[in-house]
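Q: Can you read through this structure? Questions will come right after.
The values are calculated or read from the model by the stated rules, or taken from the named source; none is laboratory data. Note that the structure is predicted; figures quoted are calculated from it, not measured. Ideal geometry is used to build each Cβ from the backbone, glycine not excepted, and the neighbour counts take in all protein chains shown. Protein only, heavy atoms only, side chains kept; ligands, DNA and RNA dropped before computing areas. Shrake-Rupley method; radii C 1.70, N 1.55, O 1.52, S 1.80 Å.
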Amino acid sequence: MSIQWFPGHMNAAKEAIKELLPYVDIVIELLDARAPFSSCNPLLQYLIKHKTTIKLLNKSDLADTKTTKMWLDFFEQQENAIAITGQKDDLKFPNKIIALCRELKPHRKSFEKPLRVMITGIPNVGKSTLINKLINKKSAKTGDIPAVTKSIQCLTLEDNFLVYDTPGMMWQKIKYDYIGNNLAICNSIGRRALDEETLALYLVDYLKINHIDLLCTRYKISPHDLLSLNNNMDIIHIISKKRGCLLPGGISDIQKTSELIIQDFRDGRIGKISLETPHMWDMWMQEERDKNE
Ligand SMILES: Nc1nc2c(ncn2[C@@H]2O[C@H](COP(=O)(O)OP(=O)(O)OP(=O)(O)O)[C@@H](O)[C@H]2O)c(=O)[nH]1
Ligand SMILES: [Mg+2]
């Protein structure tokens, strides 16, 4: 079953972003470094296509460093794109981004003509956290659940530098199942739109194929034992036993184990893992073309 999630406030936010955009000088589009393609929301791409845009691969502390470098190269090849990485604990980052914005629009520096920067991105990607770092105050509300910010908020960094925080915008219609899954694994989709068991099975399958070493280390399973299991549900059963996620009678608590695996991924406890590479993106597009020919 495909994941779809577009709560009502996002429609209002879409209209508000459209109205404000003519007055904005730079858009900083936050992407989740673990899933840069899935977090490139086409609705936002459409709205901001004529604007000077900085693509910021955020939460890079949780993504695989080599894969993030590949994504930077990929985005740099696109016309008019500036791609950079970011993460909340990099102390130099706020000044770096302010300097970049100033460099891009040097004429917007007076009180009458302030530099106006809009921060956009999917839910929970770190927009409000970035803004708080930029203005060095906890002004924007943050939280590790999607859709914390519900309306646009203007914050003053300096008299001649304004920053707009915007609500996270989800794809209006999620076109491919893997996009829904990757966004959900990265915690950008509301809980009620998810089935944790299906998501954990998808994640375990991805880890088994791409990061078997990290999966085995985290849950103390030997690669030989893991590969001898018949299916991914058996892996979840083993993890539930190892972690004591059991119901009365020693039965695996699949729901609790699924939530545990997903949370381990989100917190980076399994390792620095990227869910998408530019190469995968080409492959997915090819598959789509083949299906439609
Ligand atoms: N590991 C890591 N976590 C981050 C980073 N940036 C933000 N977070 C965490 O991600 C969660 C979401 O951050 P927010 O700033 O509220 O995200 P948002 O994009 O404003 O979310 P919405 O308003 O819901 O769209 C918080 O728990 C942050 O602490 C980062 O660079 N690395
Ligand atoms: Mg926010």
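Q: Would you check which residues across segment 1-51 are open to solvent by 10 Å² or more (accessible area, probe 1.4 Å) and of a type in the set (D, E, K, R) and list them?
A: Hits for segment 1-51 are Lys14, Glu15, Lys18, Glu19, Asp25, Lys49, Lys51.
Q: If a residue must be in a helix (DSSP H, G or I), open to solvent by 50 Å² or more (accessible area, probe 1.4 Å) and more than 16 Å from Pro278 (Cα to Cα), how many such residues does segment 67-104 contain?
A: 6
Q: For segment 101-135, how many residues meet the condition of being away from ligand 1 (no atom under 16 Å from the Cβ) and free of Cβ contacts under 8 Å to residues at least 12 places away in the same chain?
A: Of all residues in segment 101-135, those away from ligand 1 (no atom under 16 Å from the Cβ) come to 101-116.
Subsequent filtering for residues that are free of Cβ contacts under 8 Å to residues at least 12 places away in the same chain retains 103, 106-107, 112.
Of the residues in that region, 4 qualify.
Q: Further, regarding this structure: Tell me yes or no: at least one residue of segment 112-128 is closer than 22 Å to Ser60 by Cα, at pLDDT 95 or above and over 18 Å from the mean Cα position of the chain (by Cα).
A: Among the residues of segment 112-128, at least one is closer than 22 Å to Ser60 by Cα, at pLDDT 95 or above and over 18 Å from the mean Cα position of the chain (by Cα), which makes the answer yes.
Q: Which members of segment 158-200 meet the condition of being touching a strand residue (DSSP E or B) at 6+ places or on another chain (Cβ under 7 Å), within 16 Å of ligand 1 (Cβ to nearest atom) and outside any loop (DSSP other than H, G, I, E, B)?
A: Across segment 158-200, the qualifying residues are Val163, Tyr164, Asp165.
Q: With respect to Asp253, is the statement that it is out of contact with any strand residue (DSSP E or B) (no Cβ under 9 Å at 6 or more places or on another chain) and open to solvent by 20 Å² or more (accessible area, probe 1.4 Å) true?
A: Details: out of contact with any strand residue (DSSP E or B) (no Cβ under 9 Å at 6 or more places or on another chain): no; open to solvent by 20 Å² or more (accessible area, probe 1.4 Å): yes.
So Asp253 fails the test.
Q: To continue, here is another question. Which of the following residues is in a helix (DSSP H, G or I) and open to solvent by 50 Å² or more (accessible area, probe 1.4 Å): Leu227, Leu207? Steps first, please.
A: Details: Leu207 fails: open to solvent by 50 Å² or more (accessible area, probe 1.4 Å).
On inspection, the qualifying residue turns out to be Leu227.
Yes or no, residue by residue, for (1) at pLDDT below 95; (2) within 11 Å of ligand 2 (Cβ to nearest atom); (3) within 17 Å of the chain's Cα centre (by Cα):
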| position | (1), (2), (3) |
| --- | --- |
| Lys141 | yes, yes, no |
| Ser151 | yes, yes, no |
| Tyr164 | no, no, no |
| Ile174 | yes, no, yes |
| Leu183 | no, no, yes |
| Ile189 | no, no, yes |
| Leu201 | no, no, no |
